[in-house]
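Colleague: Sharing a structure here in structure tokens format.
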């Protein structure tokens, strides 16, 4: 696997991205069946309050408006679609893509009845099955660390984003730890008003930890963490992120901002695509 990010060795230019295979070839040759397995346990994260805060932060950063078309790049089990369906969101349409058919099956069932959402199988390591300048907004939540080449994927997202469109990208930082997530979750439970509601939150947490949470923890420790140790996955630090977005100033990013979310264990970056007239 090729990664542009190399610790303490960020090149001044982000060139040499590998040729992107066609949509069907990428799905056939590069789909990682680990994510099909992980789909059985992934939804435990939805019960973590810091994760739900991350979904809310992403929703707010997108600044959605009526008539917009949105791409969820790496939708997993459809948590973002399910989350914002509970809000009074604008009249939008969402195309949600993921490489894992098992993730998509869960997402489709979870979002049954949401007529504004369509799910598609597509690999973010390859070319997306959409025309140029299709989307007004793009969200990508907890996906980037597992990509083969950030440059190629960001270039592809910029291709399908309309001029002056916005991307909101969030993924784990290199210093990611589970402890702060659990501490923040516990603190937020303490702030819940009402004894019954607070007790229910505690019971839901215990159930999550003792069931799907254990499976998710094992897969994180023994698969995802080991892939990071081998350099197959990569979580950047803040300076590397800034260098990365600055490097794409000539390829389509006009403005970007990097903040934190999910108990400060994730970065949350908002980037705007250059208007067509100013692209050299």
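Colleague: For the chain, take the longest principal axis of its alpha carbons; what is the angle in degrees between that and the long axis of helix 178-190, to the nearest 10 within 0 to 90?
Modeller: Helix 178-190 sits roughly 50 degrees off the main axis of the chain.
Colleague: Please work out whether segment 29-187 counts as rounded, prolate or oblate from its C-alpha gyration tensor, where a ≥ b ≥ c are the square roots of the eigenvalues and a/c under 1.5 means rounded, while otherwise a/b larger than b/c means prolate and anything else oblate?
Modeller: Details: a/c = 1.35, a/b = 1.17, b/c = 1.15.
In terms of gyration-tensor shape, rounded.
Colleague: Just to be sure I understand, if you calculate Rg and Dmax of the Cα atoms in Å for this structure, which of (i) 27.9, 106; (ii) 18.0, 55; (iii) 18.5, 60 do you get?
Modeller: Identified label for the calculated read-out: (iii).
Colleague: With a 10 Å Cβ neighbour count serving as the proxy for reagent exposure, in which order, fewest first, do 53, 207 appear? Kindly include the intermediate steps, with their values, before the conclusion.
Modeller: Values: 53 16, 207 13.
Arranged by neighbour count, lowest to highest, 53, 207 become 207, 53.
Colleague: How much length is gained if the chain between residue 254 and residue 32 is pulled fully straight, taking 0.36 nm per residue apart and subtracting their Cα-Cα distance, in nm to one decimal?
Modeller: Numbers: separation 222, 0.36 × 222 = 79.92 nm, distance 3.31 nm.
Roughly 76.6 nm would be gained on extension.
Colleague: Provide the percentage of antiparallel DSSP beta bridges, counting only those with both residues in the chain; round to the nearest 5. Mind showing how you got there, number by number?
Modeller: Values: 15 of 34 bridges.
Roughly 45 percent of the beta bridges in the chain run antiparallel, per DSSP.
Colleague: Separate question: I need the shape label for segment 41-113. Rule: rounded when a/c is under 1.5, else prolate if a/b > b/c, else oblate, with a, b, c from the alpha carbon gyration tensor. Walk me through the intermediate numbers first.
Modeller: On the way: a/c = 1.82, a/b = 1.23, b/c = 1.48.
It is oblate, given that a/c is not under 1.5 and a/b is not larger than b/c.
Colleague: Also, quick follow-up: How far apart, in nanometres, would the label points at residue 112 and residue 87 be if each is projected 7 angstrom from Cα along the Cα-to-Cβ direction?
Modeller: About 2.6 nm separates the two model spin labels.
Colleague: How far is helix 238-247 tilted off the main Cα axis of the chain, in degrees rounded to 10, range 0 to 90?
Modeller: 30
Colleague: Given 37 °C and 0.692 mPa s, compute D for segment 88-147 with the Stokes-Einstein relation, Rh being the Kirkwood radius over Cα pairs; round to the nearest whole µm²/s.
Modeller: Result for D is 253 µm²/s.
Colleague: Between residue 223 and residue 121, how high is the FRET efficiency from 1/(1 + (r/R0)^6) when r is the Cβ-Cβ distance and R₀ = 25 Å? Nearest 0.05. Show your work: numbers first, answer last.
Modeller: Values: r = 22 Å, r/R0 = 0.87.
E between residue 223 and residue 121, to the nearest 0.05, is 0.70.
Colleague: Rank-order 164-177, 190-203 by packing density, defined as the average count of other C-beta atoms within 10 Å over each peptide's residues, highest first. Don't jump to the answer; show the numbers that get you there.
Modeller: Numbers: 164-177: 19.6, 190-203: 11.2.
In descending order of packing, they fall as 164-177, 190-203.
Colleague: Evaluate the distance, in nm, between pseudo-label points positioned 7 Å from the Cα of residue 191 and of residue 60 along their respective Cα→Cβ axes.
Modeller: 1.1
Read-outs throughout are calculated quantities, based only on the coordinates presented, and are distinct from any laboratory measurement. Since the structure is predicted, the reported quantities are computational estimates derived from the model, not experimental observations. Please note: Cβ atoms are built from the backbone with ideal geometry, for glycine as well, and neighbour counts cover all protein chains shown.
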